[in-house]
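J.: I have a structure here, written as structure tokens, and I will follow up with some questions on it.
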Amino acid sequence: MAQDPVRVLVTGAAGQIGYALVPMIARGVMLGPDQPVILHMLDIPPAAESLNGVKMELVDAAFPLLKGVVATTDVAEACAGVSVAVMVGGFPRKEGMERKDVMTKNVSIYKSQASALELHAAPNCKVLVVANPANTNALILKEFAPSIPAKNITCLTRLDHNRALGQISERLGVQVCDVKNAIIWGNHSSTQYPDVNHATVKTPAGEKPVRGLVSDDAWLNGEFITTVQQRGAAIIKARKLSSALSAASAACDHIRDWVLGTPEGTWVSMGVYSDGSYNVPAGLIYSFPVTCKHGEWSIVQGLPIDEFSRKKMDATAEELSEEKDLAYSCLS
């Protein structure tokens, strides 16, 4: 049976990440090789001409799964009937700007986009926020789209998760597909905690713990963590532009696993609405290890947490609580 197309929104679609992301979605990387899609692309009026150029290229690529393209600067038109929304558009921090200035800009953007999703999106729309500060932008979106279930509003920490897997695979000289169950705890910022205490590597002799194979706690508790935390800045230094293709690829991974499910015995990291698991304050959007089945995520429970991890998890939660307070102060 031919499947009905799914409408997928990408905001900030004329930007760098958007340009990398839309062909991946149109090729079936996000929702699978049999799922037709209709792309809804939104950007701001100054980017309208560039956005139209992206639409022209999508037509020129003749993607078999792409059943239509909406390219618009009108937020209501962009949100109409979408089942998946990838929020890439935001206000980037510029030199000399205070955090509160950036937060004020993003709060107003996410408030208006939340209202449009609330009014026009499909009822069970799944939302992924990519634009920074991603966790707090997602929280604002949740506040102003009350009819979208809280469990449907997430933020991207899969990029950090994939970066952690990549660093382990490079260090051990193994294939990245053989490394699994790293965890990103907390905020998509430099306070995030990349944790490999439960991660394993598939070897000819079976699955082995990463910590035992690396056998260098100083590296795992030091340089490994800072490398993953600061990888975005390292890429900006190298490219003079922020990471786009890796962010787009991670967004596809996030949605694909959420919709189609995680493999048995494997978890991934997603920024989700905290229920108090692992003593993380409820009401924050915090990155946890999750498994996905039938389009729903569940936090992996019962993992032992050592003292080193606890401190790191609490520090990133504290930063998120401060960001939340700052965001709410921008609303009043």
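J.: Treating the Cα atoms of the range 137-272 as identical point scatterers in vacuum, please give the log10 of the normalised Debye intensity I(q)/I(0) at q = 0.15, 0.19 Å⁻¹, two decimals.
T.: -0.78, -1.17
J.: Let me ask something else about it. If you keep only loop residues by DSSP, which trypsin sites (Lys or Arg not before Pro) in the range 286-332 have at most 12 other Cβ atoms within 10 Å of their Cβ?
T.: Passing both the DSSP loop test and the Cβ count: no residue.
J.: Mind checking the range 256-332 for GluC sites (Glu not before Pro) that DSSP puts in a loop (not H, G, I, E or B) and that have at most 10 other Cβ atoms within 10 Å?
T.: Hits after loop and neighbour filter: 264.
J.: What aspartates and glutamates does residue 111 reach when the alpha-carbon gap must be under 13 Å and sequence neighbours fewer than 8 apart in one chain are set aside?
T.: Those aspartates and glutamates meeting the cut-off are 143.
J.: Once label points are set 7 Å from the Cα along Cα→Cβ at both residue 230 and residue 99, what is their separation, rounded to one decimal in nm?
T.: 1.8
J.: Using r as the Cβ-Cβ distance of residue 223 and residue 329, and R0 as 41 Å, what FRET efficiency do you calculate, to the nearest 0.05?
T.: Using R0 = 41 Å, I get an efficiency of 0.65.
J.: Right, another one. Stretched out fully, how many nm does the piece from residue 178 to residue 216 gain, at 0.36 nm a residue minus the Cα gap?
T.: So the extension gain works out to 11.7 nm.
J.: Highest GNM mean-square fluctuation, the chain, Cα pairs closer than 10 Å: which of 247, 182, 205?
T.: Evaluated over the chain, the most mobile residue of the options is 205.
J.: Treating only the Cβ of Lys, Arg, Asp and Glu as charged (+1, +1, -1, -1), what charge dipole size does the range 225-324 show about its Cα centre? Round to the nearest 20 debye.
T.: The calculation lands at about 540 debye.
J.: In square angstrom, what is the accessible area per residue of the range 171-319 with a 1.4 angstrom probe?
T.: 46
J.: In Å and whole numbers, how far do the C-alpha atoms of the range 112-170 stretch along each principal axis, longest first?
T.: The Cα atoms of the range 112-170 stretch 46, 21, 14 Å along their principal axes.
J.: Here is a follow-up. For the range 235-332, report the translational diffusion coefficient in µm²/s to the nearest whole number, using Stokes-Einstein at 37 °C, 0.692 mPa s, and a Kirkwood Rh over Cα pairs.
T.: 211
J.: Measuring from centroid to centroid over Cα atoms, what is the spacing of the range 12-73 and the range 145-160 in Å?
T.: The two parts, judged by their Cα centres, are 21 Å apart.
J.: For the chain, with a Gaussian network of springs between Cα atoms less than 10 Å apart, report the residue from 274, 169, 215 with the top mean-square fluctuation.
T.: Result: 215 has the largest fluctuation of those listed.
J.: Please give the FRET efficiency for residue 307 paired with residue 34, using the beta carbon to beta carbon distance and R0 = 45 Å, rounded to the nearest 0.05.
T.: For R0 = 45 Å, the calculated efficiency reads 0.40.
J.: Roll a 1.4 angstrom probe over the protein heavy atoms and tell me the percent of accessible area of the range 222-322 that is carbon or sulfur.
T.: Ligands and nucleic acids excluded, carbon and sulfur reach 54 percent.
J.: Continuing with the same structure: For the pair residue 191/residue 237, report the inter-label distance in nm, with labels modelled 7 Å from Cα in the Cβ direction.
T.: It works out to 2.3 nm between the two label points.
J.: Okay, next question. Which entries of 142/311; 67/126; 237/324; 105/142 show an alpha-carbon separation above 22 angstrom in the structure shown?
T.: 142/311; 237/324
J.: While we're here: Which of 186, 302, 12 ends up with the largest GNM mean-square fluctuation for the chain, with Cα atoms connected below 10 Å?
T.: Maximum fluctuation in the GNM of the chain, among the listed residues, is at 302.
J.: A follow-up question, please. With the cut-off at 16 Å, report for the range 35-110 the share of all Cα pairs above it, as a whole percent.
T.: 60
J.: Something else now. How big is the Cα convex hull of the range 1-129 in projection, averaged over all directions, in nm²?
T.: Directional mean of the projected Cα hull area for the range 1-129 stands at 8.2 nm².
J.: Among the trypsin sites (Lys or Arg not before Pro) in the range 85-170, which ones are in a DSSP loop with at most 11 other Cβ atoms within 10 Å of the Cβ? Mind listing them?
T.: Answer by residue number: 94.
J.: Over all alpha-carbon pairs in the chain, figure out the percentage whose distance exceeds 24 Å.
T.: Beyond 24 Å sits 54 percent of the P(r) for the chain.
J.: Ignoring ligands, DNA and RNA, please state the percent of accessible area on the range 1-93 from carbon and sulfur, probe 1.4 Å.
T.: 57
The values are calculated or read from the model by the stated rules, or taken from the named source; none is laboratory data. If you're wondering where the values come from, they're calculated on a predicted model, not measured in any experiment. When we count neighbours, we look across all protein chains shown, and the Cβ atoms used for this are built from the backbone with ideal geometry, even at glycine. Heads up: the accessible areas ignore ligands, DNA and RNA and are worked out on the full protein's heavy atoms, side chains in. Shrake-Rupley method; radii C 1.70, N 1.55, O 1.52, S 1.80 Å.
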